[in-house]
Amino acid sequence: MSEESKPEASKKGKGKARSGEGEMSNISNISRELVEQLLRANPSLAGEMQGMDSKKIEEVMRGMSLQDISTGMATGGKNQKDMASYKFWNTQPVPKFGEDEPLPDGPLRENDLARVKTVGAELIEGFEWDTVDLTDDQQVREVYELLTHHYVEDSEAMFRFNYSASFLHWALKAPGWIKNWHVGVRVTSTKKLVAFISGIPVTLRVRENTLQCSEINFLCIHKKLRGKRLAPVLIKEVTRRCNLESVWNAIYTVGVVLPKPISTCRYFHRSLDWLKLYETGFSPLPTTSTKAKQVTKYALSANPSTKGLREMEVKDLDAVHDLFTRYMERFDLVPKFTVEEIGHWLLNGGSKYDERIVWAYVVEEEGKITDFFSFYSLESSVLGKKETIRAAYLFYYASETAFSKSPDAKKELKVRLNALIHDALILAKKFNFDVFNALTLLDNTLFLREQKFGAGDGSLHYYLFNWRTSFINGGIDDKKNVDDENGSGVGVVML
Ligand SMILES: CC(C)(COP(=O)(O)OP(=O)(O)OC[C@H]1O[C@@H](n2cnc3c(N)ncnc32)[C@H](O)[C@@H]1OP(=O)(O)O)[C@@H](O)C(=O)NCCC(=O)NCCS
């Protein structure tokens with residue numbers, strides 16, 4: 001774990017193809033020297049292999065593809081499983097490990113609406129399916145309660161995501177949302193909500209193909225019902241409900257390795273209130289530093305400095321939508337938002353919730369919108385204490401600078417994004433956020449280091465259901481360091 005790294009980041013845990021990508025050869029002939037080199041390049045793999053004798057290590061590595069090793073997959077736990085042991089995922093239309101032949105992009109399963117079951121599979125006795133009605137505040141509260149007590153924690157159980165009710169309204173009622181895709185499992189006798197999974201509709205472009213997808217999120221099972229193979233049942237049920245709407249593809253992100261990531265990004269964290277992060281156990285004090293030095297390191301000026309920067313308003317929607325759409329053409333995996341969706345995601349769902357979730361700013365120069373950036377709020381509870389960490393997550397942004405025709409275009413974009421994100425940090429600090437989080441997606445590799453983001457220990461793997469495409473750069477190199485040379489092809493920010 002590095003200085004800023006925090007376990008909560010390992011949540012569910014968004015091409016410009018690098019040369020050689022797609023050639024995911026397995027290692028058939030492996031020398032001791034190569035093993036050592038690969039292990040040096042992949043500390044998590046090395047950690048997993050501690051204690052194994054060298055013959056066993058060679059054997060395991062022979063079964064992994066170079067791509068798998070270089071994306072930082074470990075072999076232990078989930079990652080160690082061969083395809084046969086992914087009892088559920090093995091039966092699903094997802095790419096398999098070891099199937100490394102480059103094939104054309106396309107669906108993995110033929111679809112037929114007539115074959116989709118009209119009722120859900122039977123649940124174990126004592127439980128029943130429900131469609132959670134998120135127009136009913138009481139039911140939003142129930143999802144909130146389930147997630148608050150049972151959703152993603154870090155590996156040391158120090159922090160847990162704390163999605164607020166307002167957040168859930170915003171995240172799960174995006175334009176075109178489908179009530180039937182908010183799937184719950186209740187105890188038949190008490191009607192207590194004990195499991196949940198959700199989807200929202202999203203149009204994705206994956207390289208040159210446009211897909212009508214569902215974005216799957218908030219899979220959560222009550223702690224007492226874990227390990228009972230309920231997750232596959234929930235996943236199949238939400239799939240069935242998506243299929244009923246003739247939606248056959250989905251995007252989801254997970255912190256663990258499943259068959260098979262289409263990209264892997266890494267979390268980065270930028271302290272805004274270092275002292276609080278230190279006191280809550282979120283950030284350690286590096287042995288080479290002092291508290292005072294740390295506080296100074298992360299100090300920010302009081303006000304942003306970009307000329308023309310102001311809060312985004314409804315009147316900016318068309319201009320922001322246009323800039324966003326053009327900017328996103330530069331990536332391989334992107335959402336295709338309508339003006340209405342941009343309004344929902346960036347203007348806090350029309351500011352109709354109790355609590356503000358998203359902040360969006362534009363830069364206006366001589367009446368023209370040249371840039372925008374946004375971030376959203378997601379707290380984490382510090383378990384065992386009555387404290388929360390207020391985290392701002394970098395959301396979507398775009399800049400006209402990306403379209404510069406100058407030979408120094410990349411440098412210009414880097415300068416501009418550093419200025420914008422620096423202002424985003426200042427604003428987030430003003431709004432009392434403690435930390436600013438970002439992944440190695442979009443053009444983030446151009447500013448993470450300069451803006452003093454520290455690497456987290458969490459990776460976020462991106463998956464597509466029923467769609468094959470070759471690996472998309474996730475903004476990290478073979479050693480999981482920021483890859484500003486190649487950048488990232490990922491342009492989807494998942495909540
Ligand atoms: C994730 C969670 C729902 C899994 O439940 P569980 O009781 O441990 O798992 P089950 O016994 O029901 O099912 C195991 C199967 O689900 C798969 N699975 C587990 N977590 C998964 C995830 N997040 N996404 C997709 N599949 C997952 C496993 O790989 C396994 O399938 P396999 O045999 O093909 O490998 C549960 O641990 C949980 O609620 N955790 C806290 C919230 C969380 O992490 N949510 C996921 C956010 S992405």
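Summary of values
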{"quantity": "Difference of contour (0.36 nm per residue) and Cα-Cα distance, Thr210 to Val339", "calculated": "44.7 nm"}
{"quantity": "Contour minus Cα-Cα distance for Lys224 and Asn432 (0.36 nm per residue)", "calculated": "71.3 nm"}
{"quantity": "Projected label distance in nm at Glu450 and Ser301, using a 7 Å step from Cα toward the beta-carbon", "calculated": "1.5 nm"}
{"quantity": "Cβ-Cβ FRET estimate between Asp133 and Lys479, R0 fixed at 56 Å, reported to 0.05", "calculated": "0.75"}
{"quantity": "Region 82-132: GluC sites (Glu not before Pro) in DSSP coil with no more than 14 other Cβ atoms inside 10 Å", "calculated": "Glu99, Glu110, Glu122, Glu125"}
{"quantity": "Segments 295-307, 388-400 sorted - mean Cβ within 10 Å per residue, highest first", "calculated": "388-400, 295-307"}
{"quantity": "Computed FRET value (nearest 0.05) for Ala409 with Glu311, which takes r as the C-beta separation and R₀ as 30 Å", "calculated": "0.60"}
{"quantity": "Solvent-accessible heavy-atom area per residue, rounded to whole Å², over region 263-465 at 1.4 Å", "calculated": "40 Å²"}
{"quantity": "Global form of region 385-468, assessed from the alpha-carbon gyration tensor, a/c cut-off 1.5", "calculated": "oblate"}
{"quantity": "Extension reserve of the Leu383-Tyr278 stretch, reckoned as 0.36 nm per residue once the Cα distance is removed", "calculated": "36.3 nm"}
{"quantity": "Under Karplus coefficients 6.51, -1.76 and 1.60, residue-wise ³J(HN,Hα) of region 392-403 in Hz, glycine/proline x", "calculated": "9, 10, 4, 10, 7, 7, 6, 8, 4, 4, 4, 9"}
{"quantity": "Förster-model FRET efficiency, 35 Å R0, Asn418 and Ala157, C-beta, rounded to 0.05", "calculated": "0.45"}
{"quantity": "Cα centroid separation, region 407-437 to region 127-159 (Å)", "calculated": "33 Å"}
{"quantity": "Karplus (6.51, -1.76, 1.60) ³J(HN,Hα), θ = phi - 60°, over region 116-123, in Hz, Gly and Pro reported as x", "calculated": "7, 5, 8, 10, x, 5, 5, 9"}
{"quantity": "Simple label model, 7 Å out from Cα along Cβ direction - Ser189 to Asn90, nm", "calculated": "3.6 nm"}
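The values are calculated or read from the model by the stated rules, or taken from the named source; none is laboratory data. Nothing here was measured: the structure is a model prediction, and the numbers come from that model. Note that each Cβ is placed from the backbone with ideal geometry, even for glycine, and that neighbours are counted across all protein chains shown. All accessible areas refer to the heavy atoms of the entire protein, side chains included, with ligands and DNA or RNA removed. Shrake-Rupley method; radii C 1.70, N 1.55, O 1.52, S 1.80 Å.
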